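First the structure, in the form of structure tokens, and then the observations on it.
Each reported figure results from applying straightforward, stated rules to the coordinates on display, with no laboratory input. Computed from a prediction, not measured in an experiment: that's the story for all the values here. Neighbour counts are summed over all protein chains in view; Cβ atoms, including those assigned to glycine, are modelled from backbone coordinates with ideal geometry.
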Amino acid sequence: MRLGLFDSGIGGLTVFKKVVELSPNTSFVYLADTARLPYGLRTSNEIIEIAEEISFWFSHQNIDAFLVACNTTNSIALDVIKKRLNVPVFDLIESVSSVIEENRVGVLATPSTVKTSAYTNAILGFKPKTFVIEQPCPEFVPLIEMDQLKLDEIRDVAIGYLQPLLKENIESLILGCSHYPLISPLLVKLLPSNVKLIDPAEALSLKLKLFMDSKMSNFAKRNYLVDSKFYVTSDPCNFANRAKQWLNLFPEVKLVSLQKKA
Ligand code: DGL
């Protein structure tokens, strides 16, 4: 099976990693729109326009299913993607919201995602009595993309973002941006031990595995290490280096343009 996977940058690598842990017999077409990140400060109209472009691009990639590995795009333009692609689409927000068990839930996400209240709405759709509090984190993605993970700056920023959530006695914390699992070790250190950290990619990869187990005989068996392809809209070298750090895989990364052609 060949999966399309999209994010603004290296955040999608955290989803990639979770998916291959459960389903190694797949290959990926990974697209990172690095020229336009961070998405988290963009308007809804910009994200919708981008979703049109990426759907158009993926519609020519011969994929069997598509993973929206970007929560910001997920919260604003999931419908656009579902309408434009003729394959099953798997998303982070609904996948994780359907399995939340705690009654008091915090969400860290980009400002654009928080503005939509997509997490609150999705969780309440499954469990109406849940208390949900969402915290916008504008500084995380730029720091993570610049590989500034060991600086005190990101620690101080994280403490500030967590404070309002901890005041509300949350029982679990959703990483509502696919870049954030890259700083889970820091967040674990800052959280009380009774707060469960939730990476939505786990729920997504489980859902995907169930789907694939039921359909695998329809699709060619592939090897993610050999058959995956990586594309970016700027700076392929930086992306390849970060993939090496995170996945221990040094992919060939190609530069593409997402301009829509008539
Ligand atoms: N990783 C993406 C998300 O899950 C986008 C982050 C960004 O570009 O701001 O929201």
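Only helical DSSP H runs with n ≥ 4 go in: add -39500 (n - 2.57) per run for the chain, normalise by residue count and round the 222 nm mean residue ellipticity to 500 deg cm²/dmol. Please report the intermediate quantities before stating the final value.
Numbers: 12 runs with 122 residues, N = 262.
When only DSSP H runs of four or more count, the value is -13500 deg cm²/dmol.
For a Förster distance of 51 Å, can you work out the FRET efficiency between the beta-carbons of Asn169 and Lys229, rounded to the nearest 0.05?
Once the sixth-power term is evaluated, E becomes 0.65.
With an 8 Å Cα cut-off and a minimum separation of 6 or more residues, compute the relative contact order for the chain in percent. If you can, show how the numbers build up before the last one.
Details: 471 pairs, mean separation 72.0, N = 262.
About 27 percent, as a whole number.
GNM, the chain, Cα, under 10 Å: largest mean-square fluctuation among Val232, Val195, Val141?
Val195
What nm value, rounded to one decimal, do you get for the distance between Phe131 and His60 when each label is placed 7 Å out toward the C-beta?
Between Phe131 and His60, the simple spin-label model gives 5.2 nm.
List every DSSP H helix in the chain whose Cα atoms extend 15 Å or more along the helix's own long axis and whose mean Kyte-Doolittle hydropathy is at least 0.5.
Details: long enough: 12-22 (16 Å, 0.96); 44-58 (21 Å, 0.36); 71-84 (18 Å, -0.44); 152-167 (23 Å, 0.04); 200-215 (23 Å, 0.10); 236-247 (16 Å, -0.73).
Correct list, ordered by number: 12-22.
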